[in-house]
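Let me begin by presenting the structure, written as structure tokens, before commenting on it.
The values are calculated or read from the model by the stated rules, or taken from the named source; none is laboratory data. Remember, predicted model here, so these are calculated numbers, not experimental data. Glycine also receives a Cβ, built like all others from the backbone with ideal geometry; neighbour counts cover every protein chain displayed. Remember, those area values only see protein heavy atoms, side chains included, never the ligands or the DNA or RNA. Shrake-Rupley method; radii C 1.70, N 1.55, O 1.52, S 1.80 Å.
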Amino acid sequence: MKVSLRVLSAMLAALLLAASPGPAVAAPDAIFIDADIYTLDDDQPRARAMAVEDGRIAYVGDNATALAMADGNSTIHRMQGHMLLPGFIDTHIHPLSGGAYIQTLSLDTGGSVADWLAAIEHYAGEYPGDGLIFGYGFLASVFGAAGPHREQIDAVVADRPVLIMDESFHGAWANTRALEVLGITRDTPDPSPGFSYYRRDAAGEPTGYLLEDAAQRAMDAFAVINEDSLVAGSAIVMDALNSYGVTALFDAHEMDIEPFLPAVLRRLESSGDLTVRIVGSYKPAGPEQAEAAVATALDWGEHLRGPHYHYRVLKLLLDGTVEGRTAAMLDHYRGEPDNRGDLNFTDAQVAAMVREAAAAGIDVHMHAIGDRAVRQGLDAVETARKASPDSSSRYTICHIEVIADEDLQRFADLDVIAQSSPLWASYDSIGKELVSDDQFQRYWRYHSLAERGVRLTWGSDFPASGPGLGGMAPLLQMEVGITRQDPGDPNAPVQPRASERLGVAEMIRGYTIDAAYQLHMEDEIGSIEKGKRADFVVLGDGLFEVPVHEIHAVPVESTWLGGRRVYQRSDPAQP
């Protein structure tokens, strides 16, 4: 057989090309060996080593293979058996508006009315003058059905305005001077009667207890926050989040800081202080904004984005809180036969917004604390699923304090993510007095949802997570989700039902891979897998080995974002 010169030349060129070495493969920037890696990758649940190149995971496996990838420029980190996990993801938090309150008066949520009044009086003495005293942290249910009263603060500070937000930021406690400055009288109309309103006494006079939008309007009127305070406080929050192992979060709407939000995010990004990844949301303030809600969310998604943030989710506030007796219940509150709480939107409005979001491919995150609000959210998702069965939208119902039996399976059937703050699932002796025995037995139904295959995700809801910054800690939240008791106290009462306790693995999933799914980022973060971003946390002890009542005390040794260390507890030479 004859072969032409042209064909022979082509064959020779192909052989030479096949035999020649390809382009040099870059050695990893960093290699982590001797680690206890809990990957959250079902195909490779555990590993001993990981390599990182250019901010992404290049290898997960054994020590020998990882070390063989190194060259003289690779940094070798010997992990000494420490547990390495995907970076924690807080799936419901208000990091920027929360940052604005960091340096204000912070009340101990577990304190008494006397404790809170003493703290207000002390703060007034420490910061004299005639300006506003602003703070947060009181628990409204401590005051009983009537709520707090202006005259209580008047007894300690009467000559200057005082405005204190409750621990959930859904209500406010004002003194008489604050009401005078705000112009709130018996004739002031409620923003939304029955939901956002000024609590009044039998004579019709405002008591100083402001609910929902009435409280937010008071904050606006006093101009509590400004751009500089937001930037400074938010940087503190970012540092704290990193110290707890958090590398990503869902911003569940920034309460009353919308005018500042773009500038604050840009400043944090440019200064290098934005050391977490943020998926954020737009929230319509009330029914009057319902019609334009999806269009506004789309506009935010297009324009409010940067290297580490993207505000592209629609957040809907369906009801209030149990403490304020505004959470929407199927049955009435204890001792209040005419009060079942209230819904912020009509069923038709919620269904229309969720249906429109589904058509546009927007994710939806719905606040629902009472069982009636949970049902309203599920009904809306069912409508949207039927209208847009192929939509890429993902639906989350957050908080889920009380759920009806018949709605548990609907979360699974409709593929709705159940989001909550496990810290709230410790025994609630005060809340028990507000609801019926049946309602109290249906609090925080985590295991009932998990056994039906529902994705559960966890977040702190900071600043509605108690005093200071500690409530943001995922390890603290995890422990309570496992025990349903006060942290660190095996003898504490158990929040009913004990059968709703979860295991360590379930709590970790809700802060990692399932949390990434909620953020629509499971292809980028949430597990230790080749190709994903190198966002991870190193712990001083293994979460499966320590006693469950000590999980909250496990130290975070270091936190890494995109292969860069953003927090270090000890000597940088250590893990």
What net charge is computed for the residues neighbouring residue 253, neighbours being all others with C-beta under 12 Å from the C-beta of residue 253, Lys and Arg scored +1, Asp and Glu -1?
-3
Nearest 20 debye, what's the magnitude of the dipole of the chain about its Cα centre given +1 on Lys and Arg Cβ and -1 on Asp and Glu Cβ?
1820
Alpha-carbon centroid distance for the pair segment 366-403 / segment 185-230, whole angstrom
29
Could you do me a favour and compute the accessible area per residue for segment 256-398, 1.4 Å probe, result in Å²?
37
For mean projected area of the Cα convex hull in nm², which listed value, (1) 45.2; (2) 38.8; (3) 32.6, comes from the coordinates shown?
(3)
Residue 113-residue 63 FRET efficiency (beta carbon distance; Förster radius 51 Å; 0.05 resolution):
0.30
Label model pair residue 302, residue 270: point-to-point distance (7 angstrom along the Cα→beta-carbon line) in nm is 2.5
So, with points 7 Å from each Cα along the Cβ direction, the residue 203-residue 491 label distance in nm works out to 4.9
Would you kindly state how much longer the chain becomes between residue 258 and residue 339 on full extension, computed as 0.36 nm times their sequence separation minus their alpha carbon distance, in nm to one decimal?
25.9 nm
Just how much of residue 57 is accessible, in Å², when a 1.4 Å probe is used and the result is rounded to the nearest 10?
10
Per residue, how much space in cubic angstrom lies within the convex hull of the C-alpha atoms of segment 171-231?
86
Computed FRET efficiency, Cβ-Cβ of residue 160 and residue 187, R0 35 Å: what is it to the nearest 0.05?
0.90
Could you give the length gained on full extension between residue 43 and residue 386, defined as 0.36 nm per residue of separation minus the Cα-Cα distance, in nm?
120.1 nm
What FRET efficiency comes out for the pair residue 151/residue 347, r = Cβ-Cβ distance, R0 = 30 Å, nearest 0.05?
0.15
Given points 7 Å out from each Cα along the Cα-Cβ axis, report the residue 451 to residue 73 separation in nanometres with one decimal.
5.6
Quick one: of the DSSP bridges fully inside the chain, what percent are antiparallel, nearest 5?
45
Can you send over the carbon and sulfur percentage of the accessible area for the chain, probe radius 1.4 Å, protein chains only?
51
Out of 380, 391, 411 - ranked by how far each Cα lies towards the positive end of the dipole of segment 320-427, with unit charges on the beta-carbon of charged residues - the top one is 391
Go through 555-568, 141-154, 359-372 and give me the packing order, highest mean Cβ count within 10 Å leading.
359-372, 555-568, 141-154
